[in-house]
Amino acid sequence: MVIIKNSRQIDGIRKSSHLAAIVLNRTASLIRPGITTQDLNNAADFFIRQHGATPAPLGYNGYPKSICTSVNDVVCHGIPSSKVILKNGDIINIDITTVLDGYYGDTSATFPVGQPSESARQLIDRTQAALALAVSRVGPGVTVNDCIGKTIATFIGRFGYSVVRDLGGHGVGIKFHEDPFIFHFDTDKNNTILKAGMTFTIEPMINASSDCRVVIDSSDGWTVRTADGSLSAQFEHTVLVTRSGCEVLTKL
Ligand code: MF3
Ligand code: CO
Ligand code: CO
């Protein structure tokens with residue numbers, strides 16, 4: 001069941017989402033060769049609590065850390081670790097979900113570490129552009145498949161990349177993961193018709209090769225990697241459907 005939020009709930013989700021955006025920006029400013037993903041986790045955890053919020057991932061289905069940090073071929077749900085030291089040329093997605101006054105905001109972005117290859121930087125830029133294009137088409141009366149699934153699949157296919165199919169976006173706000181599930185590729189399962197007051201994430205995961213398959217690390221049960229070892233990038237926003245279109249709640 002898709003929850004239509006009332007104005008009080010929207011206000012709370014807007015505040016939490018804005019905080020998530022600020023925390024993402026502040027945490028990303030620390031990225032440099034030599035820093036560990038555990039350092040980024042600790043900084044983000046500090047920023048979140050400083051604002052009276054809590055990190056949603058910590059303890060969620062047993063997840064052990066406060067944020068997700070996904071480096072290179074890690075698609076998502078990378079677990080911060082003092083053993084993962086960022087090096088020049090890496091790319092890293094940082095995913096922040098805050099709980100403020102009981103309301104959830106969820107956002108992520110992929111960043112270069114030092115100077116990655118031209119192809120890695122193109123993957124980042126095109127993934128961000130795919131999200132922006134989908135956002136620009138969100139509005140009341142539009143199906144999820146028209147504004148998100150088809151839009152992202154068509155845009156991304158031009159570059160020989162692939163859209164990850166096993167994970168997707170989700171309703172968000174009152175809970176971490178609500179209906180509807182948002183597929184980022186063309187499918188008749190994306191049949192929800194958007195209405196003003198819906199809040200959900202759009203968070204395409206794009207693999208640099210034509211192989212969309214992923215594997216979950218059996219040793220930790222969380223880390224999702226590309227099956228073929230290629231790079232993967234992701235950007236995520238929490239959006240609100242309005243009467244005239246949409247509002248990106250996780251913009252700075
Ligand atoms: N923030 C992720 C998302 O975009 C979910 C992370 S679940 C966790 O939906 F348990 F790994 F934190
Ligand atoms: Co999300
Ligand atoms: Co997220």
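Quick note: the coordinates plus some simple rules give every number you see, no bench work behind them. Because the structure is a prediction, the values reported are computed rather than measured. Note: ideal-geometry Cβ built from the backbone for every residue, glycine included; neighbour counts use all protein chains shown.
How large is the convex hull of the C-alpha atoms of the chain per residue, in Å³?
Here the figure is 111 Å³ per residue.
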* To do: Net charge near Ser108: determine it from the other residues with C-beta under 12 Å of the C-beta of Ser108, scoring Lys and Arg +1 and Asp and Glu -1.
  => -4
* Asked: Say each of Ala132 and Phe181 gets a label point 7 Å from the Cα, pointing the same way as Cα to Cβ; how far apart are those two points in nm?
  -> 3.1 nm
* Determine, from the Cβ-Cβ distance of Asn88 and Asn61 and an R0 of 51 Å, the FRET efficiency 1/(1 + (r/R0)^6), rounded to the nearest 0.05. => 0.90
* Just name one of Ala227, Leu100, Ile85: the one whose Cα is farthest towards the positive end of the charge dipole of the chain (beta-carbon charges, Lys/Arg +1, Asp/Glu -1). => Leu100
* Listing Phe176, Phe155 from the residue with the fewest other Cβ atoms within 10 Å to the one with the most, what is the order? -> Phe176, Phe155
* To do: Mind checking which of Phe155, Ile10, Val144 is farthest towards the positive end of the stretch 7-248's charge dipole, using Cβ charges of +1 (Lys, Arg) and -1 (Asp, Glu) about the Cα centre?
  => Ile10
* What distance in nm separates the simple spin-label points at Ile35 and His51, each placed 7 Å from Cα in the Cβ direction? -> 1.7 nm
* Structure fact -> Links exceeding 30 Å between C-alpha atoms in this model, out of Lys150/Lys195; Lys150/Lys175; Lys83/Lys150; Lys15/Lys87; Lys65/Lys195; Lys83/Lys189, come to Lys83/Lys150; Lys15/Lys87; Lys65/Lys195; Lys83/Lys189
* Structure fact -> Taking R0 as 45 Å and r as the Cβ-Cβ distance between Leu252 and Val2, the FRET efficiency 1/(1 + (r/R0)^6), rounded to the nearest 0.05, comes to 0.95
* Structure fact -> Note: probe point = Cα of Asp228 + 7 Å toward Cβ; backbone nitrogen < 17 Å; residues of the stretch 96-122 passing the test are 119-120
* Asked: Given 0.36 nm per residue, what is the gain on full extension from Gln115 to Phe159 after removing their alpha carbon distance, in nm?
  -> 13.7 nm
* If we count every other residue with Cβ under 13 angstrom of Asp11's Cβ, Lys/Arg +1 and Asp/Glu -1, where does the sum land? -> +2
* **Formal net charge of residues neighbouring Thr154 (Cβ-Cβ distance under 12 Å; K, R +1; D, E -1)** => +1
* What are the residues whose amide H is under 5 Å from the amide H of Asp211, where those residues sit 5 or more places off or on another chain and H is modelled from the backbone? -> none
* To do: Grab the beta carbon distance between Ala28 and Thr143, set R0 = 35 Å, and tell me the FRET efficiency rounded to 0.05.
  => 0.60
* For the stretch 98-105, just list the computed ³J(HN,Hα) in residue order, Karplus coefficients 6.51, -1.76 and 1.60, θ = phi - 60°, integers in Hz, with x standing in for Gly and Pro. => 9, 10, 10, 6, x, 9, 9, x
* Starting from one equal scatterer on each C-alpha and no solvent at all, send me the Debye-based log10 I(q)/I(0) for the stretch 51-158 at q = 0.11, 0.15, 0.23 Å⁻¹, two decimals. => -0.47, -0.83, -1.18
